[in-house]
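Let me begin by presenting the structure, written as structure tokens, before commenting on it.
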Amino acid sequence: MTFLLLVVHLMAAVAWVGAMAYSLVVVQPRIARAVPDPARAEEIYRELAAGNRWPVVGLIGVLALTGIGLVMVFDGRSSGWWAAIAAKALLWVAASGPFWWVSWRGWPRRVFALPAELPAQQARFRRVALAMLAIVGLAFVLGVVASHLPL
């Protein structure tokens, strides 16, 4: 059961980090280069983003549930392990904040933005996405570090 919890937890974390990194490093720059018309590029960004909110909410939920399960399984670890896991949990909560903003505040603003407002909205999205990627990536690293700490 522990192995299954760990695999599901890792897969959810890898899916979230990987999807964000791929979008930021590959997809968005290629769209910007390939589609010179900003309005058309924005349509493509919207199409790619459509329907992604609830799968990510699901990933966050899976991370929370499997994380709680793993903490219960690995009870009795060192204080360093507990500190790393507590920091990881705080980072998970911290990453949920920008995700909430993007999903329920940022996208409506971006969808209804005037053409002149789009560059500022896109730049803000990129900054928030980079921050979220850094937070989730750091949480992932802390999980790996915690797994190598002594009992």
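Bear in mind these aren't lab numbers, they're just calculated from the coordinates by the rules spelled out. Because the structure is predicted, anything quoted here is derived from the model rather than measured. Note: ideal-geometry Cβ built from the backbone for every residue, glycine included; neighbour counts use all protein chains shown.
Please order Glu47, Glu117 by the number of other Cβ within 10 Å, starting at the fewest. Show your work: numbers first, answer last.
Working: Glu47 9, Glu117 12.
Ordered by Cβ neighbours within 10 Å, fewest first: Glu47, Glu117.
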Which length gain, in nm to one decimal place, applies between Trp101 and Ala123 when the Cα-Cα distance is subtracted from 0.36 nm times their residue separation? 6.5 nm
Expected unfolding gain across Ala116-Ser78 under the 0.36 nm per residue rule, minus the alpha-carbon gap, is 8.2 nm
Under unit Cβ charges (Lys, Arg +1; Asp, Glu -1), what dipole magnitude, rounded to 20 debye, does the chain have relative to its Cα centre? 260
What list do you get for Trp82, Trp16 if you sort them by fewest beta carbons within 10 Å? Trp82, Trp16
Once both axes come from the Cα atoms, what is the angle between helix 2-22 and the longest principal axis of the chain, in degrees from 0 to 90, rounded to 10? 20
Evaluate the distance, in nm, between pseudo-label points positioned 7 Å from the Cα of Ala21 and of Ala39 along their respective Cα→Cβ axes. 3.7
When the charge dipole of the chain is computed with +1 at the Cβ of Lys and Arg and -1 at the Cβ of Asp and Glu, the Cα pointing farthest to the positive end, of Leu151, Leu10, Gly106, is that of Gly106
Going by Cα centres, region 56-118 and region 31-51 are how many Å apart? 26
Looking only at Gly18, Gly106, Gly51, which one moves most when the chain is put into a Gaussian network model with springs between Cα atoms under 10 Å? Gly51
Calculated on alpha-carbon atoms, Rg and Dmax of the chain in Å: 17.8, 58
What's the angle, to the nearest 10 degrees (0 to 90), between helix 79-101's Cα axis and the longest principal axis of the chain? 20
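Determine, for Met72, Met11, the number of other Cβ atoms within 10 Å of each Cβ, and report the residues in order from fewest to most. Please list the in-between numbers first.
Values: Met72 9, Met11 14.
Going from sparsest to densest Cβ surroundings: Met72, Met11.
May I ask you to derive the FRET efficiency for Ala32 and Val8 from their Cβ-Cβ distance with R0 = 35 Å, giving the value to the nearest 0.05?
On the way: r = 35 Å, r/R0 = 1.00.
After rounding, the FRET efficiency stands at 0.50.
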Placing +1 on the Cβ of each Lys and Arg and -1 on the Cβ of each Asp and Glu in region 18-92, which of Gly51, Val73, Gln28 has its Cα farthest towards the positive end of the resulting dipole? Val73
